[in-house]
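Undergrad: Okay, here's the structure, questions in a sec.
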Amino acid sequence: MPTANATPNILISAAGEDAAWKRALVERLPKANIVTGDESYDPETIDYAMFWKQPQGLIKTLPNLKAIFSLGAGVDHVVSSPSLPTHLPVIRLEDAGMADQMVQYHLYAALHFMRDFDVYAAQQAGANWVQHDVARISKCRVGVMGLGALGSAVATSLSNLGFSVSGWSRSMKAIDGITTYAGQETLAEFLGQSDILICLLPRTPETENVLNSTTFSFLPKGAAIINAARGAMITEADLLRALDTGHLRGAFLDVAVTEPLPESHPFWDHPKIRITPHIAAATRFEESADQIADNIVRIGNGEAPRGLVDRQIGY
Ligand code: NDP
Ligand code: OXD
């Protein structure tokens, strides 16, 4: 990792939120020169870029970058750029206030299915007053794909509430109260005992379309899916088929392959799908700016930054 200037030059390109990010960074790094994309700057001098969905071609114009900071937990929007040099460090946000929000989102979505709110919504549409038995929460098996900063917080909170929780990741994890699985060879077994499947994987070449007709067929009949990770993890046509044949009970989706979800998309009207517009966990300026400023200081001191992305595996 290269070391930084005492007065680093930082460029912010944050999809409409440049000014707020600049304010948060200036407070923490008063000696840095911080510019936003609409200000004039010399591209040759930029040491660090902070991006959320950077404009196409921007990276190519910055020949002396030392690192890129993703203004999100996901880095797919950065590492998917064909002009990104392979040696350039990419640093992501870890939790940064998002884990609490993810927990809230998934508590709501998991209870939606566990307490039959999907069934009661359908009954209400037909003015139908019918009571169903309340299942024991310990009998409801939740599977969490991805046990990182966000998935592990969600798994632990659902387990604390009484759900029977397991989790799946690339490398083996030990988390109190959670049954863990690791690797492709355990995927079918993990899915086979997930009545509610939560996806909190990062988008990488390995995870794209991981939820498709084949993997849906491993889920118990009547399972539900919650996806607040990235739309690309689900093959959308396969999801519609699995819902329409009744193999899947419902889907709670915060993300889609194309965002905003096009007006004509079949997800909007589907009776078994609930949509939210990528709001599960917002990046918090304060916590995120703390992490980024701390990392810039660490790099300046010759230390490794936290949240460094492994460019080989893509997250
Ligand atoms: P982390 O990088 O901390 O965790 C990723 C987890 O996924 C790790 O447990 C990792 O395994 C596992 N994983 C990665 N690849 C595979 C694979 N091929 N097979 C099995 N497991 C795999 O990510 P975060 O928890 O911080 O975030 C997860 C995602 O959530 C983000 O990438 C982003 O896309 C999404 N997100 C969505 C938001 C929203 O508002 N909708 C907000 C914030 C994030 P291992 O532990 O072994 O490395
Ligand atoms: C993220 C997101 O990756 O907001 O942080 O989706």
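The values are calculated or read from the model by the stated rules, or taken from the named source; none is laboratory data. What you see is a predicted model, and the numbers here were worked out from it, not measured in a lab. Cβ: placed from backbone, ideal geometry, glycine included. Neighbour counts: every protein chain shown. Quick note on the areas: whole protein, heavy atoms, side chains included, nothing else; ligands and nucleic acids left out. Shrake-Rupley method; radii C 1.70, N 1.55, O 1.52, S 1.80 Å.
Undergrad: What lysines could a cross-link reach from residue 272, if we take a straight Cα to Cα line under 19 Å and drop same-chain neighbours fewer than 8 places away?
TA: 221
Undergrad: With charges only on Cβ, +1 for K and R and -1 for D and E, what is the dipole size of region 1-118 about its Cα centre, in debye, rounded to 20?
TA: 260
Undergrad: Which chymotrypsin sites (Phe, Trp or Tyr not before Pro) does region 101-163 hold that lie in a coil by DSSP with at most 16 other beta carbons within 10 Å?
TA: Filter output for region 101-163: 129.
Undergrad: According to the Cα gyration tensor, what semi-axes, each the square root of 5 times an eigenvalue, does the equivalent ellipsoid of the chain have, listed from largest to smallest in whole Å?
TA: 39, 20, 18
Undergrad: Moving to a separate point now. Tell me whether region 1-101 comes out rounded, prolate or oblate; compute the Cα gyration tensor, take square roots of the eigenvalues as a ≥ b ≥ c, and use a/c under 1.5 as the rounded threshold.
TA: In terms of gyration-tensor shape, rounded.
Undergrad: Another question, if that's okay. Given Cβ point charges of +1 (Lys, Arg) and -1 (Asp, Glu) and nothing else, what value in debye, to the nearest 20, does the dipole of the chain about its Cα centre take?
TA: Dipole about the Cα centre, nearest 20: 500 debye.
Undergrad: Report the residues of region 54-77 in range of a label on residue 308: point 7 Å along Cα→C-beta, backbone N strictly under 18 Å from it.
TA: 65-70, 75
Undergrad: Next up: Once Rh is set to the Kirkwood radius over Cα pairs, what Stokes-Einstein translational diffusion coefficient, in µm²/s, holds for region 114-211 at a temperature of 25 °C and a viscosity of 0.890 mPa s?
TA: 167
Undergrad: Still on this structure, I have one more. So how exposed is residue 31, as accessible area in Å² (1.4 Å probe, rounded to 10)?
TA: 150
Undergrad: If Lys and Arg each add +1 and Asp and Glu each add -1, what is the summed charge of the other residues whose beta carbon sits under 12 Å from the beta carbon of residue 20?
TA: That sum, taken over residues with Cβ under 12 Å, equals -1.
Undergrad: Something else now. Run the accessible area of the chain with a 1.4 Å probe and give the carbon-and-sulfur part as a rounded percent.
TA: Roughly 52 percent, rounded to a whole number.
Undergrad: Find the accessible area per residue for region 138-250; the probe is 1.4 Å, ligands and nucleic acids are left out, and the unit is Å².
TA: 39
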